[in-house]
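First up is the structure itself, then whatever we jot down about it.
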Amino acid sequence: MKLFKLLTTLSALLLLFSCSNGKGDYDATGSFEATEIIVSSQANGRILELGLNEGDQLEQGQEVGLIDSTQLYLQKMSLLSNAKGVRAQQPDIKAQTAALQEQIKSLEREKARLGRLVTANAANQKQLDDIDSQLEVVRRQLSALTSTLQKSSDNISAQSSTLDIQVAQLEDQLDKTRIVSPISGTVLNRYAEAGELATIGTPLFKIADTGILFLRAYVTNDQLAQIKLNGEVTVRVDDGHGGMKSYKGRINWISDKSEFTPKTIQTKNERANLVYALKIAVPNDGFLKIGMYGEVKL
C-alpha cells in the first residue's frame with residue numbers, strides 16, 4: 001500500500017511538471033505572419049532581366065531586374081536636343097544693346113562739352129537742347145530694345161524650363177524601369193519571367209519582411225484585462241525535437257472589436273464564443289517561419 005501511494009505521488013508530480021513545462025501551458029495560440037508586399041511593374045515594356053528566385057534574401061533597394069527602356073531613352077535624347085536648340089536662341093542682351101549704350105555715353109560726353117562751352121558763351125543753348133533731345137531718343141530706344149529682348153529671354157527660359165521638366169519626368173520613368181526590392185526580406189513568390197511583356201501594375205514578385213514575424217492570436221474578454229499595448233509576453237514554438245523554443249514578444253496591436261472564435265484557433269477557455277485578435281511582434285532568429293504554429297503565455 002505504501003509503495004502504491006509513493007508511485008501515485010510520483011506520477012502526479014511528473015504529470016504536474018510536464019503540464020507546467022509542456023504544450024498545454026498556454027493562454028492563446030495562433031500562427032505567424034509577416035508584412036508582405038507585392039512588387040509590381042512601374043513601367044511598360046519587355047522584362048529584360050529578373051534575377052531572383054523564391055526563397056532569396058534581398059536587401060532594401062537591391063536591383064533585381066530591368067525593363068526595356070530604349071524608347072524612353074530615345075525620347076530623352078530628343079528632348080535634350082530640343083532644349084539645346086531653344087537655349088541657343090537666348091538673346092545676349094548686353095551685346096545687343098552695347099551699341100546704343102556706347103552712343104549714349106558719347107552723347108553724354110558731348111553734352112558735358114557743350115555745357116562748358118555754353119557757360120563760357122562759346123556755344124548757344126540750342127545746341128545743348130539738341131543734344132538733350134538726342135539723348136532722350138536713344139535712351140528710349142535702349143529701353144524699348146532691352147524690354148523686347150528681356151521678354152524674348154523670359155519666353156525662351158520658360159520653354160527651356162518646360163523641356164527640363166519633361167526630361168526630369170523621363171528620367172523618373174527611366175529610373176522606374178529598374179526593378180528594385182522595396183524592403184529587406186525573403187522572396188515568397190515570383191510571378192513573371194524575363195522576356196514577358198509587363199505593363200504598369202503587373203505583379204512581378206512577392207516579398208516579406210521575415211526579420212520580425214507577427215503571431216496573430218486571440219484572447220477572451222477575461223484575458224483582455226491582463227494585456228496592454230507594447231506589453232511583453234512569452235511566445236513558444238515546437239523546436240522539432242519534442243520540446244518548445246521560447247521567444248520574447250511584444251504586443252503591437254489589439255483589436256478593438258470582438259469576433260467569433262475562428263475554428264482553427266484554440267483559447268484557454270474553449271467555451272469562449274467571442275474573442276479579441278492581437279498581434280505579437282517576435283524578432284526572428286531564422287527559425288520562425290510564416291504559418292508556423294505558436295503558443296502565447298501572457
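The values are calculated or read from the model by the stated rules, or taken from the named source; none is laboratory data. The model shown is predicted, which means the values in this text are computed figures rather than measured ones. A quick note on method: Cβ atoms are made from the backbone with ideal geometry, for glycine too, and the neighbour counts reach across all protein chains shown.
Within segment 174-199, the set of residues being polar (S, T, N, Q), within 10 Å of residue 42 (Cα to Cα) and crowded, with 16+ Cβ neighbours inside 10 Å comprises just one member, 177. Checking segment 73-84 against the condition returns no match, with no residue being farther than 23 Å from residue 169 by Cα and either touching a Gly at 6+ places or on another chain (Cβ under 6 Å) or in a helix (DSSP H, G or I) (or both). In segment 125-160, of all residues being touching a residue at least 12 places away in the same chain (Cβ under 8 Å) and among the hydroxyl-bearing types (Ser, Thr, Tyr), the one that is nearest to residue 110 (Cα to Cα) corresponds to 146.
The condition (being closer than 30 Å to residue 49 by Cβ and surrounded by 15 or more Cβ atoms within 10 Å (Cβ to Cβ)) is satisfied by just one residue among 202, 234: 202.
Collect the residues in segment 125-178 that are under 17 Å from residue 89 (Cβ atoms) and either of a type in the set (Gly, Ala, Ser) or in the same structural domain as residue 44 (by TED's automatic domain parsing) (or both), keeping them in residue-number order. Residues satisfying the conditions are 152, 153, 157, 158, 160, 161.
Of all positions in segment 50-63, at least one carries a residue that is part of a strand (DSSP E or B), within 30 Å of residue 243 (Cβ to Cβ) and not assigned by TED's automatic domain parsing to the domain that holds residue 150. Scan segment 173-190 for residues that are in a loop (DSSP other than H, G, I, E, B) and not aliphatic (A, V, I, L, M) and the total you get is 5.
When you scan segment 34-46, do you find a residue that is surrounded by 14 or more Cβ atoms within 10 Å (Cβ to Cβ), modelled with pLDDT of 95 or more, of a type in the set (Ser, Thr, Tyr) and assigned to a strand (DSSP E or B), even just one? Yes: one or more hits. Count of segment 191-214 residues, restricted to those that are outside any loop (DSSP other than H, G, I, E, B) and either at pLDDT 95 or above or more than 19 Å from the chain's Cα centre (by Cα) (or both), is 13.
Filtered by the rule that a residue be in contact with a helix residue (DSSP H, G or I) (Cβ under 8 Å, 6 or more places away or on another chain) and either of a type in the set (Ser, Thr, Tyr) or closer than 30 Å to residue 136 by Cα (or both), segment 61-88 gives 69, 73. Note on segment 244-284: among residues that are β-branched (Val, Ile, Thr) and at pLDDT 90 or above, the one that is nearest to residue 209 (Cα to Cα) is 282.
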